[in-house]
Amino acid sequence: MTIVHGLDQVPVCTTVAIAGGGPSGTYLALRLAAAGIDSVVLEPRAEIDHLRPRAKTTNARTMSLLAGIGLAEAIREKASLPVSYSQDVIFCTSLKGHELRRFHQAFQLVDGDYELSPEVGQQIPQPQVEEVLREAAAHSEHITYVTGVRAQEADPSASAVRVVAADDSQDAGVDLEAEWIIGADGGASRVRKALGIDFRGTSAPRPNFNVVFTSAKLREQVSIDPAVQWWIVNEAISGMIGELDRDGTWWAILQGCDPIEDPAEVAAAIRAMAGVGPDVDIEVLATDSWTARMLLADSYGGKESDRRVFLIGDAAHLNPPWGGHGFNTCISDAENLAWKLIAVHDGWADPGLLDSYEEERRPVAARMIADAAANGKALAYDFIDPLLDADNARGESVRARVHEALAVKTSEFHSEGLVLGYEYAGTSRVAAGPKPFVDSVEYRPQALPGCLLPHFRLTNGASVYPDAHGFTLFVTDGPAVHLATESLERTAREHAIPLQIVHLTGADADAARVRWGEDTVLVRPDLHIAATASTGTGGTTPDKALSSALLKAVKRPTGSSTANSHSSTQSPHATTHHREAS
């Protein structure tokens, strides 16, 4: 299916209608397509605007999710700045001034193997990520990607979304019927408004001013080490600056700056921030004034009485950019909802499983917003001192003081606790267990219910993370393994729940015990732990506890019969896969 354009290309019906073809909407469509589920993506933009780079950081967790649909390498090939270019965020007085502090391996940018995740972060502008996602969608037989149209409103009672021309060139619209409707249509989401769901939150007190520009001479003027972001702290103008590519295209954010209309004044501001003279060419390509907003939807849709319409991404939350969590949180939303839609569609989960989407994801978004908002209270201009550039003892003293003060920015650049440590402990679809350690910066791998499965590499170099459609049971050659495996396989077969059994032996089993502290771990399709043999037993034996946890994870009562499938596809079945140390 190629990408099509215009209102007359909108089909009559589909399984999933997705309003919005940005990163979260397109990722969701691709994730569903991998399971053979059809969708229609409704996207107003015919072309992707490269002069609004927006998000520039794809974190390690998002790269791992993209790897799961086969796109991580395509993202890295598309990126203009390889990870080897720089892994640093550097605070300095100008691009020719004094360095104040650097944050190494920021945003999980690691030039080599990364212990905590199968993928490292990647610096890449959002438009390039969108291009990779669109191209993949264009080659999927299960996705109809329609540009030049937008969702006007959604009607859950009729299971339909009203589609109109994006430019309002046609008076009439068409109705697209769907089993599920997904609002991935951004902060001004018409789907959210049609549901009567409000945003709650605040906005930052000062605006910011984005600039995209070209310069043939600026790079040769830089005396500070390469960085994916240089944060400039000076009295003239403070903010951020970085390269979009190695061919002279740059981006900048003038923090706390009102809009500047005159391109010559914009160029002068860039030169002042960079610390260069008027002989350095600056050609302004685009500008954009914006204010950071901290907004969270009252609901993500899909309530018990009507599980047909859901919100994901910016339609559900608006994050300040500090820390780069907005785009990445959107992708994680889509992953959480995707596996649950697949499970209900294919008949191996109760429709009530969809209630857990908001239960799990909304608190994560709230946490991301809170941390980003806190980082937004310490921007570059908050560290200005007139002596920062003084080449004397007083200047050295001031720079030392500011270096220490900038430690407050650690959670913005080293946020592994947020990126890898978000968890669903205590929610309805995971087994009971100890409360995990939670911190914005520090990530402690924990094999506890609700947590992301702690990563490690097998002796053959492959990631321990499975490539599985359904659940995965990891077992080592420890005690009582046979009983737990046999019981869980029987439960999975009885309820048509796809289950993969992975046996870890030898050095791999030893590594698993060290990393997880467990011999048996049950993992959901999104790689979050549903249960372990030592948690949530409630006085029952581990084999019965794991079987109960599997049914709980898909909202099936113990002893229930296999649910009717929503589709005509063959019912999933339990499979066994063996891995041995090489």
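Throughout, read-outs are computed from the coordinates displayed, never taken from laboratory work. Treat the numbers as computed from the prediction; the structure is a model and nothing was measured. Here Cβ is always computed from backbone atoms with ideal geometry, including for glycine, and neighbour counts include all displayed protein chains.
Quick notes
- The alpha carbons of the stretch 437-523 occupy a box of 43, 28, 23 Å along the principal axes, longest dimension given first.
- Helix 393-405 axis, angle to the chain major axis (alpha carbon atoms, nearest 10°): 20
- Separation of the stretch 394-473 and the stretch 204-275, taken as the distance between their Cα centroids, equals 32 angstrom.
- Acute angle (nearest 10 degrees) that the helix 263-274 long axis makes with the longest principal axis of the chain, alpha-carbon atoms: 80
- Across all directions, the average projected area of the convex hull around the alpha carbons of the stretch 250-329 is 7.5 nm².
- When each of the peptides 174-183, 158-167 is scored by the mean number of other C-beta atoms lying within 10 Å of its residues, the order from highest to lowest reads 174-183, 158-167.
- The rule of thumb for compact globular proteins, 2.2 N^0.38 Å, goes into the C-alpha radius of gyration of the stretch 98-257 1.45 times.
- Annotation for the stretch 17-38 versus the stretch 326-382: alpha-carbon center distance of 16 Å.
- Working ranking of peptides 379-386, 413-420 by packing, defined as the average number of other Cβ atoms within 10 Å per residue, highest first, is 413-420, 379-386.
- The chain: relative contact order as a whole-number percent, Cα under 8 Å and 6+ apart: 14
- Extents of the stretch 305-459, largest first, come to 72, 40, 28 Å (Cα atoms, principal axes, whole angstrom).
- Evaluated with a Cβ-only charge set (Lys, Arg +1; Asp, Glu -1), the chain carries a dipole of roughly 1360 debye about its Cα centre, given to the nearest 20.
- Taking only the Cα atoms of the stretch 237-373, the radius of gyration and Dmax are 21.1, 67 Å.
- Principal-axis tilt of helix 506-516 within the chain, Cα atoms, nearest 10 degrees: 70
- Cα pair distances exceeding 22 angstrom across the stretch 1-106, given as percent: 51
- Counting Lys and Arg as +1 and Asp and Glu as -1 over every other residue whose Cβ lies under 9 Å from the Cβ of L28, the net charge comes to -1.
- Remark on the stretch 45-182: Rg and Dmax equal 20.2, 62 Å (Cα only).
- For I37, net neighbour charge (Lys/Arg +1, Asp/Glu -1) across residues whose Cβ lies under 11 Å away: -2
- The calculated P(r) of the chain, using every Cα pair and 10 Å bins from 0, goes 3, 17, 26, 25, 17, 9, 3, 0 in percent.
- Percent of beta bridges antiparallel (DSSP, the chain, rounded to nearest 5): 60
- Cα lying deepest toward the dipole's positive end in the chain, options A374, P436, H104, charges on Cβ: P436
- Whole-Hz Karplus values for the stretch 115-130 come out as 5, 8, 7, x, 10, 9, x, 9, 7, 7, x, 3, x, 6, 4, 4 Hz, taken residue by residue from phi with 6.51 cos²θ - 1.76 cosθ + 1.60 and θ = phi - 60°; glycine and proline positions read x.
- Globularity index of the stretch 141-214, i.e. its alpha-carbon radius of gyration over 2.2 N^0.38 Å: 1.45
- Size of the stretch 422-481 as Cα extents on the principal axes (Å, biggest first): 32, 29, 27
- As a length-normalised measure over Cα pairs under 8 Å and 6 or more apart, the relative contact order of the stretch 87-159 settles at 17 percent.
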